[in-house]
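Following: one structure in C-alpha cells, then a few remarks.
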Amino acid sequence: MALRIGIVLGSTRPGRRGEQIARWVLDTAHAHGGAEYALVDLADHRLGNLDEGGNPNLRQYEHTHTRDWSAVVDGFDGYVFLVPEYNHSFPGALKNALDYVYREWNDKAAGIVSYGGWAAGVRAAEALRLVLAELQVATVRAQPAVPLIPAFSTGSFVPPEGLDGAVRGMLDQVVAWSGALRGVRRDRAVKDAEAAPVGV
C-alpha cells in the first residue's frame with residue numbers, strides 16, 4: 001500500500017501567499033513521487049476554536065467536525081507543513097488544528113516548508129518543531145525556507161533558485177521516515193490490542 005503524505009497549508013488568513021506556494025509544493029511532490037500526496041487546506045475544515053471537552057488521547061469526540069478532522073489526519077503516513085511566520089511563531093489556526101486530535105499524529109514523520117520576510121519563516125518552523133515533538137511526530141532535518149522577497153516580486157509565486165532541490169531533498173527524508181514509522185505504528189496497534197480488556 002502506497003504511503004500517503006498530506007501537505008498541510010497552515011494559514012487560513014485572507015489573501016495568504018501560502019496557497020500559491022502550497023500548490024507548487026504539491027506539484028513538486030507529485031513529480032518527485034515515492035508516495036501519494038494530497039493538499040490539506042485548514043481553511044476547508046473550519047474547525048473554530050478547540051471545542052472538545054474530553055482528552056483527545058481517548059478519541060472520544062463530541063462533534064462531527066472533530067471526527068471528520070480525525071479521519072483526515074489519521075489517513076496519512078506523514079506530512080509536510082507549509083507555515084508562515086507571524087510574530088516569530090506559526091499561526092494560531094495551525095496550533096488549534098494540531099491540538100484537536102492527538103493519537104492520529106503519533107509516530108508519523110513530517111517535513112516543514114516555511115515562508116516569510118527576510119527570515120523566511122525559520123522561527124515559525126522552529127516553534128512548530130517543539131509542538132510536533134510533543135505530538136510524537138518526527139520532524140526531518142531538511143527544512144526549505146521561502147523568502148517572500150524575491151519569491152513574490154512579480155506578484156505571483158516564482159520559486160527561488162534552489163528551492164526545487166531543497167523540497168525534493170526534504171521529501172526524500174519524509175518518505176523514508178514515513179515508511180519506517182509505519183512499522184512502529186503497526187507494532188503499537190498490536191500491543192494496544194493485546195492490552196485491551198477482554199470483551200472490549
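A short reminder: the numbers here are calculations on the coordinates, not readings from a lab. None of these values were measured; they are calculated from a predicted model. A quick note on method: Cβ atoms are made from the backbone with ideal geometry, for glycine too, and the neighbour counts reach across all protein chains shown.
If the condition is being closer than 23 Å to GLY179 by Cβ and touching a strand residue (DSSP E or B) at 6+ places or on another chain (Cβ under 7 Å), then the range 81-124 contributes PHE81, LEU82, TRP105, LYS108, ALA109, ALA110, GLY111, ILE112, VAL113. Remark: ASP164 falls outside the filter, which requires a residue to be at positive phi and of a type in the set (Asp, Glu).
When residues of the range 3-31 are filtered for being in a strand (DSSP E or B) and surrounded by 18 or more Cβ atoms within 10 Å (Cβ to Cβ), how many remain? Give the steps one after another, and end with the answer.
The first filter runs over the range 3-31 and keeps only residues in a strand (DSSP E or B), leaving 4-9.
Subsequent filtering for residues that are surrounded by 18 or more Cβ atoms within 10 Å (Cβ to Cβ) retains 5-9.
Qualifying residue count for the region: 5.
Looking at the range 32-54, is at least one residue closer than 11 Å to ALA97 by Cα, out of contact with any Leu (no Cβ under 7 Å at 6 or more places or on another chain) and part of a helix (DSSP H, G or I)? Yes; the residues of the range 32-54 include at least one that is closer than 11 Å to ALA97 by Cα, out of contact with any Leu (no Cβ under 7 Å at 6 or more places or on another chain) and part of a helix (DSSP H, G or I). Of all residues in the range 106-124, those being within 20 Å of ARG16 (Cβ to Cβ) and surrounded by fewer than 24 Cβ atoms within 10 Å (Cβ to Cβ) number 7. On the basis of being outside any helix (DSSP H, G or I) and either touching a residue at least 24 places away in the same chain (Cβ under 8 Å) or touching a strand residue (DSSP E or B) at 6+ places or on another chain (Cβ under 7 Å) (or both), does VAL72 make the cut? No.
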